Amino acid sequence: MVKAIRVHELGGHEVLRWEDVEVGEPKEGEVRVRNKAIGVNFIDVYFRKGVYKAPSLPFTPGMEGVGVVTAVGPGLTGRKVGDIVGYAGQPMGSYAEEQILPANKVVPVPSSVDPTVAASILLKGMTAQFLLRRCFKVEPGHTILVHAAAGGVGSLLCQWGNALGATVIGLVSTKEKAAQAKEDGCHHVIIYTEDDFVARVNEVTAGNGVDVVYDSVGKDTFEGSLACLKLRGYMVSFGQSSGTPDPVPLSALAAKSVFLTRPTLFQYVVTRDELLEAAGEVFSNVASGVLKVRVNHTYPLSQAAKAHADLESRKTSGSIVLIP
């Protein structure tokens with residue numbers, strides 16, 4: 001038996017329970033991994049609340065972890081006991097001391113990247129990778145608007161976007177977060193609690209608007225985000241920390257011929273090659289210093305409920321990691 005966080009009913013952070021679970025042995029095509037570090041992401045909150053539907057109750061949350069392979073299934077080649085591997089995405093269940101994973105879903109973690117750093121960046125980093133490199137391909141000369149610019153994904157979007165040669169405008173809620181966003185490569189930082197962000201973006205872009213908006217906030221910012229776009233701009237809505245946006249009439253897109261997409265990472269890492277390419281780009285950017293990771297908060301795995309409470313009340317910045 002090992003310990004894991006279990007959710008028996010949907011709700012607030014108090015539904016996260018610390019319990020014994022049976023892990024079992026890996027079957028064909030599987031590996032067993034003892035987690036060294038577990039990433040906490042807003043998607044974990046969505047599953048806990050029922051915004052996203054878990055396959056069944058009870059379930060173990062968590063979409064990201066790094067650990068050591070302790071057993072491999074029969075006939076498996078290419079992975080061995082002792083390998084340090086990471087995974088991000090499906091299957092859910094990383095809030096556990098040990099777990100069984102499909103071997104084709106784990107990626108090798110290079111020795112140049114510390115496991116805690118890897119666990120804090122793999123999911124967010126691959127999210128930033130597909131948003132900047134594939135969903136809308138950011139190039140020198142583009143102007144991009146990043147919501148929650150001091151958050152886990154937001155911080156990486158700013159750093160990476162700057163490295164790609166874009167002008168980066170970041171939206172944050174406090175002066176402290178504004179300082180971090182500046183450090184992360186934002187050319188312009190807007191504190192949306194003090195300023196009307198649409199008016200400020202209009203001012204900063206001399207009335208032209210931005211090429212792309214990366215909006216993870218949802219309901220509270222959606223209309224404003226659309227208003228910030230230039231002609232034929234891209235509205236990339238990839239999260240909803242403030243709630244699901246209201247329905248949009250198609251005519252709202254026609255005013256500027258804008259593109260609207262609601263992507264998720266898992267549709268962009270469908271094949272093994274896509275997964276390895278995304279993870280490889282993230283780790284090489286960490287190793288080269290393009291991406292600086294702030295693991296500002298670590299909690300024991302047993303205190304996952306406190307980590308969720310702090311994340312939801314905006315008490316955190318950068319990445320949160322649980323340590324088994």
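The values are calculated or read from the model by the stated rules, or taken from the named source; none is laboratory data. No experiment lies behind these values; they were computed from the predicted model shown. Using ideal geometry, Cβ is built from the backbone for each residue, glycine included, and neighbour counts are taken over all protein chains shown. Please note that ligands, DNA and RNA were not included when accessible areas were found on the heavy atoms of the full protein model with its side chains. Shrake-Rupley method; radii C 1.70, N 1.55, O 1.52, S 1.80 Å.
Computing percent of Cα pairs over 31 Å apart directly from the structure and comparing it against [x] 31; [y] 26; [z] 40 singles out [x].
Among the GluC sites (Glu not before Pro) within the stretch 1-51, those in coil by DSSP and having at most 10 neighbouring Cβ atoms inside 10 Å are Glu9, Glu22, Glu28. Ligands, DNA and RNA aside, Trp18 has an accessible area near 100 Å² when probed at 1.4 Å.
Compute, for Lys175, the solvent-accessible surface of its heavy atoms (probe 1.4 Å) with the complete set of protein chains present, and express it in square angstrom to the nearest 10. Rounded to the nearest 10, the figure is 130 Å². Once C-alpha pairs closer than 8 Å and six or more residues apart are averaged by separation and normalised to the residue number of the chain, the relative contact order reads 18 percent. Spatial offset of the stretch 254-324 relative to the stretch 73-141 amounts to 11 Å, using the alpha carbon center of each. Among Gln99, Gln159, Gln303, the largest mean-square fluctuation in a Gaussian network model of the chain, built with springs joining Cα atoms closer than 10 Å, belongs to Gln303.
In whole percent, and with a 1.4 Å probe on the protein chains, what portion of the accessible area of the chain is carbon and sulfur? Reported share for carbon and sulfur atoms: 52 percent.
Across Ser241, Ser94, Ser56, mean-square fluctuation computed from a Gaussian network of the chain (C-alpha pairs under 10 Å connected) peaks at Ser56.
Classify the stretch 30-142 as rounded, prolate or oblate from the Cα gyration tensor: take a ≥ b ≥ c as the square roots of its eigenvalues, call it rounded if a/c is under 1.5, otherwise prolate when a/b beats b/c and oblate if not. Oblate.
The stretch between Glu176 and Asn104, if pulled fully straight at 0.36 nm per residue, gains 21.9 nm over its current Cα-Cα span. When the surface is traced with a 1.4 Å probe over the full set of protein chains, Ser111 keeps roughly 130 Å² accessible.
Once the 1.4 Å probe is applied to the protein heavy atoms, the stretch 179-245 comes out at 45 Å² accessible per residue.
Once a ≥ b ≥ c are taken as the square roots of the eigenvalues of the Cα gyration tensor of the stretch 111-177, is the result rounded (a/c under 1.5), prolate (a/b larger than b/c) or oblate (a/b not larger than b/c)? Judged from the Cα gyration tensor, the stretch 111-177 comes out oblate (a/c at least 1.5, b/c at or above a/b).
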